[in-house]
Amino acid sequence: MRIEVSRDVFRLAQVFTISRGSRTEAQVLTVRITDGGVTGWGECVPYARYGETLESVTAEIEALSGPLTRDALYDLLPAGAARNAVDCALWDLHAKQAGKPVWELAGLARPGPEITAFTLSLDSPEKMREQAALHAHRPLLKIKLGTPDDMPRLEAVRAGAPDAQIIIDANEGWSAEVYADLAPHLVRLGVSLVEQPLPAGDDDALVGMERPVPVCADESCHDRASLAALKGKYDVVNVKLDKTGGLTEALVLRDAAVAQGYEVMVGCMVGSSLAMAPAVLVAQGAKVVDLDGPLLLAEDRDNALTFDAAGVHPPAAKLWG
């Protein structure tokens, strides 16, 4: 079994800004695992918020050796980007070796398309209204907020896309006081979900707080071990493969969250269709799907995912799985 890791860069269609900063490209790591002449691959996006860099994640992956199994990865790598790329590459490898799709190997129902959010990055109210109007035909828009001046931006997006469903991602940018002040306006403007309004380390303030709009845990929820600390704070959990450490744990987290009464959102980092492909399997039947990474790119992988009026479609075998 041979493991190779390489860095790939995809240009973005336009500058993408959140409360933590801006980017013009997506830098990803691609892992290829070859065994018996068959190669499977996966992609991850190291994330500085979790102390990851392209170099540190590469080093984690290159330190692996010998035959690997998905179960063994739990002991070899922590939840995070490195384990994600390796886990997804192993799923792809095993699917090719078995001549069966990953969804069948995993005991899942045949997947179909799912409506996905389209993200509007943080900008001036005027620019965000223009972007909202440009994408007003989309059924679900996600707005990046998390600043002291969010209300004009939200009002502008609603004016630009009066009929679209809107969800908000504050990226830990609000305080409890700011969230409480904004909540009535979120209801008034028809916002259907708020993602991670408070910093993960300060989210105890959500306990007992009125939540007229469902609140989703993103940075506060990584894998199944995170669920115990979410009780009383959140209504929804955001499952991202780069946080869970791969498809294997993502499926476990999804099912555990549902069993504990949470609804599920399936999200992504800004990556290519290869990164989204396994997440489409997790996203089946989710309350919210946010797998728009490829839509934000100026270029993508060959055999890219299909996005149309029905949503994001499961991957072709030529791409993954």
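Quick notes
- Residue 16 fulfils the conditions (1) in contact with a Lys or Arg (Cβ under 8 Å, 6 or more places away or on another chain); (2) not in a strand (DSSP E or B) except for a single criterion, (2).
- Region 148-171, residues that are polar (S, T, N, Q) and part of a loop (DSSP other than H, G, I, E, B): 171
- Residue in region 199-215 that is in contact with a Lys or Arg (Cβ under 8 Å, 6 or more places away or on another chain), among the small types (Gly, Ala, Ser) and open to solvent by 20 Å² or more (accessible area, probe 1.4 Å) present: no
- Annotation for region 218-240: at least one member residue is closer than 20 Å to residue 103 by Cα and not acidic (Asp, Glu).
Conditions (1) out of contact with any Pro (no Cβ under 6 Å at 6 or more places or on another chain); (2) surrounded by fewer than 16 Cβ atoms within 10 Å (Cβ to Cβ); (3) over 21 Å from residue 73 (Cβ atoms), marked per residue:
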{"residue": "278", "(1), (2), (3)": "yes, no, no"}
{"residue": "290", "(1), (2), (3)": "yes, no, yes"}
{"residue": "293", "(1), (2), (3)": "yes, no, yes"}
{"residue": "311", "(1), (2), (3)": "no, no, yes"}
{"residue": "316", "(1), (2), (3)": "yes, yes, yes"}
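- Those residues of region 37-69 which are out of contact with any Ser or Thr (no Cβ under 7 Å at 6 or more places or on another chain), under 21 Å from residue 319 (Cβ atoms) and not aliphatic (A, V, I, L, M), in sequence order: 37, 39, 40, 42, 44
- Lone qualifier among 39, 53 - being open to solvent by 30 Å² or more (accessible area, probe 1.4 Å), β-branched (Val, Ile, Thr), free of Cβ contacts under 8 Å to residues at least 12 places away in the same chain and at negative phi: 53
The values are calculated or read from the model by the stated rules, or taken from the named source; none is laboratory data. Since we're looking at a predicted model, the values are computed, not measured. Every residue, glycine as well, gets a Cβ built from its backbone with ideal geometry; the counts of neighbours run over all protein chains shown. Each accessible area value is taken on the protein alone, full model and side chains, heavy atoms only, with ligands, DNA and RNA left out. Shrake-Rupley method; radii C 1.70, N 1.55, O 1.52, S 1.80 Å.
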